[in-house]
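In what follows, a single structure is set out as structure tokens and then discussed.
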Amino acid sequence: METAEFLSVLDREGRALATAAAEAGPGAKVPTCPEWQVRDLLRHTGAVHRWATSFVARAEPSFRPFGDPPDLDGDALLAWFREGHERLVATLSAAPPDLECWHFLPAPSPLAFWARRQAHETAVHRVDAESACGRSPEEAARDLDPGFAADGVDELLRGFHGRAKSRVRAEVPRVLRVRATDAAGAAWTVRLSAGPPVTERYGGGAGPDADCEVSGPAALLYLSLWNRAPFPTVTGDSATATLWRERSAVG
């Protein structure tokens, strides 16, 4: 996907998140994040948006920690979230293609990284906000384009879980296959061992042998791998899928 496409998704998903948060109310529980209420979701996502904006706006060359969200609630908190989201979209839209700034996953450019990362960050949390309104992740997944969702699976598997800090480890080596049924070329093999997972994307077909396969529509795979929904279909050694579920939270 092109940067402009990610920006369009980021804009749409952030607006939808705010709409759902307003409908649910700040004290509503977030079923997909059981420890959170909607106010926690707004504070977290709003802080992430401002954090990302700071790197792009200042061409910041090195890591800077998150800032603390303000002590706001209710309508004031929602307005703060909306303002930060709009600023993020505007800052990314105005940034030059040759922008140089800190980023933390491989990408064609820093600008491409931040547009992609914030689109996925916001899309997943939009699903969280809608869960507070009683909408299931399976229903929310219908609003996600299969190509975008497949890109999110790729970012998670080859980006986040390609890092040394991934906690997915297996005492006995195993191979997990992840396959989207509605997106061309959206299949991956994830080799689990005592070291960080090693993931390869392949073009479809049977692919390499695997101990376990998780398959289904790309949007449901996306949300299930982010632990927002059950796995659509699991075949083979279900313990491998369980291992992923138990150890794959991104910190």
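The values are calculated or read from the model by the stated rules, or taken from the named source; none is laboratory data. Worth saying up front: this structure is predicted, and the values here are computed from it rather than measured. Note that each Cβ is placed from the backbone with ideal geometry, even for glycine, and that neighbours are counted across all protein chains shown. Surface areas here come from the heavy atoms of the whole protein model, side chains and all, with no ligands, DNA or RNA. Shrake-Rupley method; radii C 1.70, N 1.55, O 1.52, S 1.80 Å.
Worth pointing out:
- Flag for VAL175 being outside any helix (DSSP H, G or I) and open to solvent by less than 10 Å² (accessible area, probe 1.4 Å): no
- Selection count where residues are open to solvent by 50 Å² or more (accessible area, probe 1.4 Å) and either assigned to a helix (DSSP H, G or I) or among the polar types (S, T, N, Q) (or both), scope the range 12-35: 5
- Residue in the range 134-141 that is within 20 Å of SER8 (Cβ to Cβ) and either of a type in the set (D, E, K, R) or surrounded by 13 or more Cβ atoms within 10 Å (Cβ to Cβ) (or both) present: yes
- Tabulated pairs, the range 6-35, first within 23 Å of ASP151 (Cβ to Cβ), second open to solvent by 50 Å² or more (accessible area, probe 1.4 Å) and hydroxyl-bearing (Ser, Thr, Tyr), C-beta under 8 angstrom, 6+ apart or interchain: LEU7/SER93
- ALA79 vs. criteria over 19 Å from the mean Cα position of the chain (by Cα), part of a helix (DSSP H, G or I) and either within 22 Å of LYS165 (Cα to Cα) or modelled with pLDDT of 95 or more (or both): yes
- Any hit, the range 123-132, residues being at pLDDT 95 or above, open to solvent by 30 Å² or more (accessible area, probe 1.4 Å) and not hydroxyl-bearing (Ser, Thr, Tyr): no
- Hits in the range 211-220 (condition: open to solvent by less than 40 Å² (accessible area, probe 1.4 Å) and either of a type in the set (Lys, Arg) or closer than 13 Å to LEU176 by Cα (or both)): CYS212, GLU213, VAL214, SER215
- Residue that is modelled with the lowest pLDDT [pool: residues in the range 178-210 that are open to solvent by 30 Å² or more (accessible area, probe 1.4 Å) and assigned to a strand (DSSP E or B)]: TYR202
- Check on GLN37, touching a strand residue (DSSP E or B) at 6+ places or on another chain (Cβ under 9 Å), modelled with pLDDT of 95 or more, within 28 Å of LEU221 (Cα to Cα) and not aliphatic (A, V, I, L, M): yes
- The range 36-81, residues that are open to solvent by 30 Å² or more (accessible area, probe 1.4 Å), within 17 Å of GLU13 (Cα to Cα) and in contact (Cβ under 8 Å) with a residue 12 or more places away in the chain: ARG43, HIS44, ARG50, TRP80
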